[in-house]
Amino acid sequence: SSDLSDFQITEIYLTDVGSSTWGPNLISGDTLNPGETLRLDVDCSTYDAKLIDETGVSCEVDNLDLCLNDSLWVIHNDTCTAFREAAKARAEAAKAAAQKSAQ
């Protein structure tokens, strides 16, 4: 469906809620493409998550419940508005550059 993420995720970090440090990159050396799934081997708990897309834009998601019925986390476009806003800014910059070179 179109509301799933359009972004390539290159890094995913989890940490316990309230912790000041991030755990390891859970997809080190891999990329999570739109529509792909990834199994995270984590304990039943609530986490803060940090996602980084292929352009290096970072997005944090707080209080992510990864327990039992909620252990499936689907990343939608609105999960990370930072990605969408950065992509929009890049598209506008590219359009402006194209218009400039056309003049």
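The values are calculated or read from the model by the stated rules, or taken from the named source; none is laboratory data. Just so it is clear, the model here is predicted, and its values are computed rather than measured. Backbone-built Cβ (ideal geometry, glycine too); neighbour counts: all protein chains shown. In case anyone asks, the SASA skips ligands and DNA or RNA and just uses the protein heavy atoms, side chains included. Shrake-Rupley method; radii C 1.70, N 1.55, O 1.52, S 1.80 Å.
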Starting from the coordinates of the alpha-carbon atoms of the chain, obtain the Kirkwood hydrodynamic radius over all distinct pairs and give the value in Å to one decimal. 15.0
R0 = 35 Å: FRET efficiency of Lys50 with Ala98, Cβ-based, nearest 0.05? 0.60
With the other protein chains left in place, how much accessible area per residue, in square angstrom, belongs to the chain at a 1.4 angstrom probe? 66
How much length is gained if the chain between Thr37 and Glu60 is pulled fully straight, taking 0.36 nm per residue apart and subtracting their Cα-Cα distance, in nm to one decimal? 6.4 nm
